[in-house]
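Read through the structure below, which is laid out as structure tokens, and then see the notes.
What follows is calculated from the coordinates using simple rules that are stated; it is not laboratory data. Bear in mind the structure is a predicted one, so any value in this text is a computation, not a measurement. When we count neighbours, we look across all protein chains shown, and the Cβ atoms used for this are built from the backbone with ideal geometry, even at glycine.
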Amino acid sequence: MKLEEEAPVTLKRRARKINRILGETYPYAVAELDFRNAFELLVATVLSAQTTDVRVNLTTPALFERYPDARALSEADEMELQEIIRPTGFYRAKANSLLSLSRRLVDDYDGEVPPSLQDLVTLPGVGRKTANVVLGNAFGVPGITVDTHFGRLARRFRWTASDDPVKVEMEVGALFDRKDWTMLSHHVVFHGRRICHAKKPACGVCPVAALCPSYGEGETDPVKAAKLLKYELAPGREDLLDLMRAGRTRAELREAGHGLGA
């Protein structure tokens, strides 16, 4: 199916049906970074560049114990900060961004994270993706988070043909009600991490296979495809899936000894 062959109304209906099914598949979908407030989410999202959320979640407890707010972080010793965040990679650049953005928060926003896209994207190390993560999950302001997973699936679903994150955000946003944007982001990212992988998607067990014009790019045999599932959907992790469906928090799952990585 080519993008230009699908009427706009048909595309919108198909897109919304995909989102409904993904919502039923991942009713427990949430931001996978641990945070207690907007400041922690902002910092964690900056740290998540070029690494996994699991790695960030292992790093931030010590970071936030040492620097609990923007004022404390703005006064951090750069070398000490680098050592704390070293496991996330690119730690020198990330430390510089965190120091710069925390100083901006203190100087311009009285140490608080501003709840607007226009202000957030002026902070060092913060682009539209990070801003939308913070707005949607800390402030309840709808936003579409176009990371690598979201962009890949949006193109596979033929919601867009663009590689430009801003254009993807605009074109996909036009297909959905604004109130659904944040959860749409969670649904699509969850699906991209668990089933619709970059190199070998598990097409044979995909819940939206019948609606996906890219079906067949990956493994179509259900038995073989099931072996490609990751995180709580992976074979042998049914207990974790049951707990997540029952509403157990990530903190509770970790306390119970469940690893949350792929």
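Using a Gaussian network model of the chain in which every pair of alpha carbons under 10 angstrom is joined by a spring, one finds that among Val223, Val189, Val168 the greatest mean-square fluctuation is at Val223. A full extension of the chain between Lys12 and Glu75 corresponds to an added length of 17.8 nm, given 0.36 nm per residue minus the alpha carbon distance.
To the nearest 20 debye, what is the magnitude of the charge dipole of the chain about its Cα centre, counting +1 on the Cβ of each Lys and Arg and -1 on the Cβ of each Asp and Glu? Computed about the Cα centre, the dipole is about 1100 debye. For region 56-186, a crude dipole built from +1 on the beta carbon of Lys and Arg and -1 on the beta carbon of Asp and Glu, taken about the Cα centre, is about 680 debye to the nearest 20. One decimal place: the segment Asp221-Ala198 gains 6.5 nm when fully extended, by the rule 0.36 nm per residue minus the C-alpha distance. Between Arg92 and Leu260, the FRET efficiency from the beta-carbon distance, with R0 = 25 Å, is close to 0.35. The angle separating the long axis of helix 181-194 from the principal Cα axis of greatest extent in the chain is about 70 degrees. Relative to the longest principal axis of the Cα atoms of the chain, helix 91-109 runs at roughly 70 degrees. Within region 223-237, name every residue whose backbone N is under 18 Å away from a label modeled 7 Å from Cα of Thr52 along the Cβ vector. Counting only backbone N, you get 227-237. Taking Cα centroids, how far is region 66-97 from region 194-262 in Å? Taking the Cα centre of region 194-262 as reference, the centre of region 66-97 is 34 Å away. Charge tally around Ser162: other residues with Cβ under 9 Å, Lys/Arg +1 each, Asp/Glu -1 each, net -1.
The helix-only estimate of mean residue ellipticity at 222 nm for the chain, built from DSSP H runs of length n ≥ 4 each weighted as -39500 (n - 2.57), is -15500 deg cm²/dmol after division by the residue total. In terms of packing, defined here as the mean over residues of other Cβ atoms within 10 angstrom, the peptides 152-160, 47-55 line up highest first as 152-160, 47-55. Helix 53-66 and the longest principal axis of the C-alpha atoms of the chain enclose an angle of approximately 20°.
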